[in-house]
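Worksheet for the structure shown next.
The values are calculated or read from the model by the stated rules, or taken from the named source; none is laboratory data. Note that this is a predicted model, so its numbers are computed, not measured. Positions of Cβ are generated from backbone atoms using ideal geometry, with glycine treated the same way; all protein chains shown enter the neighbour counts. The area values use the complete protein model at the heavy-atom level, side chains included, leaving out ligands, DNA and RNA. Shrake-Rupley method; radii C 1.70, N 1.55, O 1.52, S 1.80 Å.
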Amino acid sequence: MIKNPYLNALVAAGYIGAIVLLLNMFQIIAPKEDTPLAPVVMLSLLVLSVAVMSALFFYQPARMFLDGDREGALKFFAKTIAAFAGLTALFVALLLLI
């Protein structure tokens, strides 16, 4: 598991970018016709994304917490969230500029 909170946030942003790229590439976001599988695919993607994000955001801090490093766990988690918030702000700024 990644032990760098900034790298965790970067990998999370990369995962989101890859999913969006794939959805756009295969035009899954706006299908031409409704199919019964569309909700199944979207819910499955949601569950997969929650699992990936929980591994990136919570696994290492939880391990640190259970090992007795409560302060380190909180700092690690806060740094990951802050880095991801910064990346999100950057994406919003880019969206507003484009």
Whole-angstrom gap from the stretch 1-20 to the stretch 48-98, using each part's C-alpha centre: 9
So what's the angle, to the nearest 10 degrees on a 0 to 90 scale, between helix 37-66 and the longest Cα principal axis of the chain? 10
Value of relative contact order over the chain, rounded to a whole percent, pairs C-alpha under 8 Å and six or more apart: 46
Taking only DSSP H segments of four or more residues, each worth -39500 (n - 2.57), what value at 222 nm results for the chain once the sum is divided by all its residues, to the nearest 500 deg cm²/dmol? -28500 deg cm²/dmol
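In the stretch 2-94, what percent of the accessible surface is made up of carbon and sulfur (1.4 Å probe, ligands and nucleic acids excluded)?
Details: 4870 of 6490 Å².
Reported share for carbon and sulfur atoms: 75 percent.
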Which residue, chosen from Gly86, Pro39, Ser49, occupies the Cα position most advanced towards the positive end of the dipole of the chain, where the dipole is computed from +1 (Lys, Arg) and -1 (Asp, Glu) charges on Cβ about the Cα centre? Gly86
Chain lengthening between Ala93 and Asn24 when straightened (0.36 nm per residue, less Cα-Cα): 22.7 nm
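Could you give the dipole magnitude of the chain about its Cα centre, charging the beta-carbon of Lys and Arg +1 and that of Asp and Glu -1, in debye to the nearest 20?
Numbers: 6 positive and 5 negative charges, 51 e Å.
Computed charge dipole of the chain: roughly 240 debye.
Based on the Cβ-Cβ distance of Asn4 and Val50, what FRET efficiency does E = 1/(1 + (r/R0)^6) give at R0 = 25 Å, to the nearest 0.05?
Values: r = 22 Å, r/R0 = 0.88.
E between Asn4 and Val50, to the nearest 0.05, is 0.70.
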How much area per residue is accessible in the chain when the probe is 1.4 Å and only protein heavy atoms are counted (Å²)? 74
